[in-house]
Amino acid sequence: MRFYYPTGNAEHARLGATNLQDQHKTEHESDKHNRYQDMIMMANDGIMVIQEDKLILVNPALLLMLGYDNVDELLGKPVSMILDTTSAHFYEEGQESIHWSDLQNPTFRACLLMKNETILDVEISTSYFAFSELPATLGIVRDISKQIELEEAVDFSESRYRALFDSSPIAYFTLSLRGNILQINKAAERLLDYDENNILRRNLSTFIHGEDKVGIVNEVVSEVAQGKSLEDFEMQFQKADGRPIWVNVRANLLEYIDKSSNIALMASDIDRRKNAEAREDSERGRANLYLEIFTHDLNNINQSLLFSLGLVENLDKIPEKVKSMMQQSSWHIRRSGRMTANMRALLRLQESPPNIEEVDLFDYIQIAKFAVEEDFPWKNLSLTVNFKKEEFLVAGHEYLHHVCFNILHNSMSFDEREVVEIEVNAEQVDNLKMIRIEVLDKGPGVPDATKDFIFRRTGSPDEQIVGRGLGLTLVDQIVRSLGGRIKVEDRVEGDHTQGTKSIIMLPMWVETAELPCGRNTCITFYQSNHCVFCEPAKEILLSVLDELGVPSSIVETINVDDPSAGIKPDELPMLPFIKICDTELSGFISDEAVRSAVLNLAMKSCYPDFL
């Protein structure tokens, strides 16, 4: 729009233009003011304008927040009317910060008094500006009641956690990813005999006993930093007085919202248990040494006595009564020799079991028959065998002859007849890949109450059968070590007095086929003399294999420190390293991971048929 004025009246025209510009400016500022005021009134946050300590503007959101119905109830009233007297100083300090601090928009918490005189927790963000050419304060008010409740709940939870943390008998350490100690509890102080100030900010390796302290911490941190959980790892800490102490360690990764990570490490004192185990191992070693010496020397004495008695028996003019007594003496000496031999076999079976190999069952039966007949010269053994040589080959070892001998000998001992009839039958159980052997006699039999315990001479006192020697106990141990089973039944079902049927299940001998992958075996365990986790990892592996009934012979152990192995440590991931078929495990390995890999191996078509 344009305005025209007469040229003869220029001054009037200039004045008219100035007045028009002022009018447009006033109208523009008024429109702008109205728009801002509309925005304030529509805001969801409570807004107030304070000038000379009086409320000159409040929006509906603030009215609703404080429980007022009419704006006139607050406009022109002093701000102290809505301030809780106990927290008014927060507002005063906030006001002072506007003038004296460098903050442009200071924020503070305060308690406002609602119309019903209840307290409302709020957060006020303030700014300083000019309103109607006078200084004023704009306050944006947010209700933080729920936030305060959450913070109080968090504080309460943290205090409870801290109380549990400090009162726990387990030592807790919070470590950085470099192994530095950031936080501990009271149990950690008691474990190490240091106070908190002498533990915090130091590396965990400072408190580890032994030479490879840094290496242990590095391996633990490396494993946990990859997201693995360290469980039941036994190591030695060092107390303030220099004494080592055994601990069981668990560790896992702590990941926070800000993407940072720490390590939680828990240590339980197992020093008494480890010392007891060490004493037990020492005593067992000493007992085994004495037992070995005792059985060896006693066997030599028995052999000398038997030789001397044999010479005397062959002398002329020996009365028959004396000869009979000498034969009984020889029998008891041989019995004593068998007991010592059985004892040595039990010991060696546990300490160093022989390798499993192909065994012809017929040969062992015939060898046992000859030995039993030598032991009972006053009796005759009538043995019937329903199979021939090389008909049944089983997976056994040199101790299998003890099984055949002791079962035949037991039948001869308890059958009082001069001619003892024993029948041995064998058959192949194809679906189990087992050989079932039955040894039947016509002796006094075994009562039902004794059948389940006849092979037990070890274990708890309640399970032991007294007076049966070690022969049958050795039989049970040998059969179980081969992956077989043994039990006793009645020869005539329901009548134990008609004799005994001993049933033995032994695995068939199966030639090991060459693996299609070209490896020597399905499981390879790589270890090192300097590896922290190698020993516990191997214990876990062998324990899982025993649990699943897989023979330990399937494991090939390779020491990378041995030059003849031809393997460089840097060619492998972190040790220990286990290859279970195509599954690779390294570092600290859990039993769940090993079990899963072995079960997957068992599903392979190329898995060796051990049973």
Legend entry - Total residues in segment 561-597, condition more than 12 Å from Thr524 (Cα to Cα) and touching a residue at least 24 places away in the same chain (Cβ under 8 Å): 13
Inset, instruction - Filter segment 175-229 for residues that are more than 22 Å from Pro244 (Cβ to Cβ) and modelled with pLDDT under 90 and give the result. - result: Ser222, Glu223, Val224, Ala225, Gln226, Gly227, Lys228, Ser229
Inset, instruction - Among what's in segment 419-437 and is of a type in the set (D, E, K, R) and either over 45 Å from the mean Cα position of the chain (by Cα) or modelled with pLDDT of 95 or more (or both), pick the residue that is nearest to Asn380 (Cα to Cα). - result: Glu421
Inset, instruction - Given the conditions (1) more than 30 Å from Leu57 (Cα to Cα); (2) in contact (Cβ under 8 Å) with a residue 12 or more places away in the chain; (3) out of contact with any helix residue (DSSP H, G or I) (no Cβ under 8 Å at 6 or more places or on another chain); (4) of a type in the set (D, E, K, R), report the number of the one that Glu211 does not fulfil. - result: (2)
Legend entry - Scope segment 309-334; condition open to solvent by 80 Å² or more (accessible area, probe 1.4 Å), assigned to a helix (DSSP H, G or I), farther than 21 Å from Met412 by Cα and not basic (Lys, Arg); matching residues: Leu311, Glu320
Legend entry - Sole residue being touching a residue at least 60 places away in the same chain (Cβ under 8 Å) and touching a Leu at 6+ places or on another chain (Cβ under 6 Å), chosen from His402, His409: His402
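Scan segment 327-363 for residues that are in contact with a strand residue (DSSP E or B) (Cβ under 8 Å, 6 or more places away or on another chain) and either among the aromatic types (Phe, Trp, Tyr) or free of Cβ contacts under 8 Å to residues at least 12 places away in the same chain (or both) and report the count.
Of the residues in segment 327-363, 1 are in contact with a strand residue (DSSP E or B) (Cβ under 8 Å, 6 or more places away or on another chain) and either among the aromatic types (Phe, Trp, Tyr) or free of Cβ contacts under 8 Å to residues at least 12 places away in the same chain (or both).
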Legend entry - Those strands (runs of 3 or more DSSP E) lying entirely in segment 335-444 with at least 3 residues aliphatic (A, V, I, L, M): 380-385, 393-396, 419-429, 434-441
Legend entry - Every residue from segment 374-384 that is acidic (Asp, Glu) and buried (at least 16 other Cβ atoms within 10 Å of the Cβ): Asp375
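Residue-by-condition table, conditions (1) crowded, with 16+ Cβ neighbours inside 10 Å; (2) within 18 Å of the chain's Cα centre (by Cα); (3) under 27 Å from Glu592 (Cβ atoms):
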| residue | (1), (2), (3) |
| --- | --- |
| Asp212 | no, no, no |
| Glu234 | no, yes, yes |
| Gly242 | no, no, no |
| Ile245 | yes, no, no |
Inset, instruction - Among what's in segment 418-443 and is open to solvent by 70 Å² or more (accessible area, probe 1.4 Å) and of a type outside the set (Asp, Glu), pick the residue that is nearest to Glu489 (Cα to Cα). - result: Lys442
Inset, instruction - State which residue is farthest from Lys259 (Cα to Cα) when the search covers only segment 199-208 and only residues that are without any contact (Cβ under 8 Å) to a residue 24 or more places away in the chain and open to solvent by 10 Å² or more (accessible area, probe 1.4 Å). - result: Thr206
Inset, instruction - Collect the residues in segment 214-232 that are surrounded by fewer than 18 Cβ atoms within 10 Å (Cβ to Cβ) and assigned to a helix (DSSP H, G or I), keeping them in residue-number order. - result: Val214, Gly215, Asn218, Ser222, Ala225
Inset, instruction - Report yes if Gln226 is farther than 22 Å from Ile270 by Cα and of a type outside the set (Gly, Ala, Ser), otherwise no. - result: yes
Inset, instruction - Give segment 49-86 a look and list any residue that's among the β-branched types (Val, Ile, Thr), over 21 Å from Phe129 (Cα atoms) and open to solvent by 30 Å² or more (accessible area, probe 1.4 Å), or say none. - result: Val71, Thr85, Thr86
Inset, instruction - Test Glu535 against the criterion of being of a type in the set (D, E, K, R) and touching a Ser or Thr at 6+ places or on another chain (Cβ under 9 Å), and give yes or no. - result: no
Legend entry - Hey, Lys259 closer than 30 Å to Gln183 by Cβ, open to solvent by 50 Å² or more (accessible area, probe 1.4 Å) and not in a helix (DSSP H, G or I) or not: yes
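Name the residue, out of Leu289, Leu306, Leu253, that is out of contact with any Leu (no Cβ under 7 Å at 6 or more places or on another chain), open to solvent by less than 50 Å² (accessible area, probe 1.4 Å), within 30 Å of Ala345 (Cα to Cα) and not hydroxyl-bearing (Ser, Thr, Tyr).
Leu306
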Legend entry - Long-range neighbours under 7 Å by Cβ, at least six apart or interchain, first residue of a type in the set (S, T, N, Q) within segment 503-528, second modelled with pLDDT under 75: Thr512/Pro608; Ser528/Pro569
Inset, instruction - Tell me, yes or no, whether segment 566-582 has at least one residue that is out of contact with any Pro (no Cβ under 9 Å at 6 or more places or on another chain), surrounded by fewer than 15 Cβ atoms within 10 Å (Cβ to Cβ) and closer than 21 Å to Asn355 by Cβ. - result: no
Legend entry - Residue match in segment 519-532 (condition: over 28 Å from the mean Cα position of the chain (by Cα) and over 30 Å from Thr473 (Cβ atoms)): yes
Inset, instruction - Return the total of residues in segment 262-286 being under 30 Å from Phe165 (Cβ atoms), open to solvent by less than 50 Å² (accessible area, probe 1.4 Å) and not in a strand (DSSP E or B). - result: 4
Inset, instruction - Those residues that are over 30 Å from Asp430 (Cβ atoms) and open to solvent by 40 Å² or more (accessible area, probe 1.4 Å), I need them from segment 519-539; list them, please. - result: Gln527, Asn529, His530, Glu535, Lys538, Glu539
Legend entry - Failed item, numbered, when Ser596 is tested on (1) of a type in the set (S, T, N, Q); (2) closer than 30 Å to Asp448 by Cβ; (3) within 21 Å of the chain's Cα centre (by Cα): (2)
Inset, instruction - Spot the failing condition for Thr118; the list is (1) more than 13 Å from Leu66 (Cα to Cα); (2) exposed (fewer than 14 other Cβ atoms within 10 Å of the Cβ), and only one is missed. - result: (1)
Legend entry - Matching option when the condition is surrounded by fewer than 20 Cβ atoms within 10 Å (Cβ to Cβ), modelled with pLDDT of 85 or more and at positive phi, among Gly494, Gly499: Gly494
Inset, instruction - Spot the failing condition for Phe414; the list is (1) under 28 Å from Ser553 (Cα atoms); (2) touching a residue at least 12 places away in the same chain (Cβ under 8 Å); (3) surrounded by fewer than 17 Cβ atoms within 10 Å (Cβ to Cβ), and only one is missed. - result: (1)
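The values are calculated or read from the model by the stated rules, or taken from the named source; none is laboratory data. What you see is a predicted model; the values in this text were computed from it and never measured. We place every Cβ from the backbone using ideal geometry, glycine too, and count neighbours over all the protein chains shown. Keep in mind that these areas ignore ligands, DNA and RNA; they rest on the heavy atoms of the full protein, side chains included. Shrake-Rupley method; radii C 1.70, N 1.55, O 1.52, S 1.80 Å.
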